C-alpha cells in the first residue's frame with residue numbers, strides 16, 4: 001500500500017517546548033489512530049531527512065511543530081501552508097529549519113505537497129528537556145487534530161492504483 005500522507009514531528013527535544021512535534025508523534029505512535037496510508041515520523045532536527053523523504057511523492061504533508069500560532073502558550077492551530085508562505089531556504093546538510101526544508105524541495109527535484117502545520121504556541125524554547133504545562137496539556141488536542149486531518153487527507157488522496 002502506498003502512503004499518501006506524511007505526518008512529520010519536528011523540533012528539538014533539548015529546547016523545552018520546541019520538542020512539541022516529537023512528543024505528539026511519540027504519543028501517536030503509542031496510541032495509534034491514523035489511517036493505513038499515513039506515515040508517522042519523528043524527524044526531530046533532521047531537516048534534510050525530511051526533505052529527502054518528501055521526494056517520495058506524498059499527496060500531503062502534516063508538519064507538527066511548536067510555532068507562534070496563537071496568543072497564549074498551549075494554543076493549537078491548523079494552518080495550510082503554500083509555497084508563497086515559505087520564502088527562500090538555504091540547504092544545509094547538518095540541519096534545516098522546517099521552512100527552509102520545504103522551500104528547498106524544488107532545488108532537490110521535488111514539489112511541495114499539500115502542506116499543513118499543526119502548531120502549538122510555545123511558552124519557552126530555552127535549554128531544557130520537557131514541555132511546559134500549557135504545551136503538555138495541548139498534546140492531546142494536537143493529536144486529535146492530526147488524526148482528523150490525516151483521515152481527511154488520506155480519503156481525498158488518489159489510490160496507488162489511480163482509482164481515487
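No value in this document is a laboratory result; all are computed from the given coordinates. Given the structure is predicted, the values throughout are model-derived calculations rather than measurements. FYI the Cβ positions are ideal-geometry reconstructions off the backbone, even for glycines, and counts take in every protein chain you see.
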At a 10 Å Cβ-Cβ cut-off, how would you order 148, 18, fewest neighbours first? 148, 18
Here the percent of antiparallel bridges among DSSP beta bridges lying wholly in the chain, to the nearest 5, is 25 percent
Grab the Cα-Cα distance for residue 127 and residue 52, subtract it from 0.36 nm times how many residues apart they are, and report the gain in nm with one decimal. 24.2 nm
How far apart, in nm, are two points set 7 Å out from the Cα along the Cα-to-Cβ line at residue 78 and at residue 41? 2.2 nm
Translational diffusion of the chain, µm² s⁻¹ [Kirkwood Rh, Cα pairs; Stokes-Einstein; 37 °C; 0.692 mPa s]: 208 µm²/s
Ranking 49, 121 by Cβ neighbours within 10 Å, fewest first, what do you get? 49, 121
To the nearest 10 degrees, how steeply does helix 133-156 sit against the main Cα axis of the chain, on a 0 to 90 scale? 10 degrees
Likely footprinting exposure, 2, 127, fewest C-beta neighbours within 10 Å first: 127, 2
Report the extension gain between residue 31 and residue 71 in nm, rounded to one decimal, defined as 0.36 nm multiplied by the number of residues separating them, less their alpha carbon distance. 11.5 nm
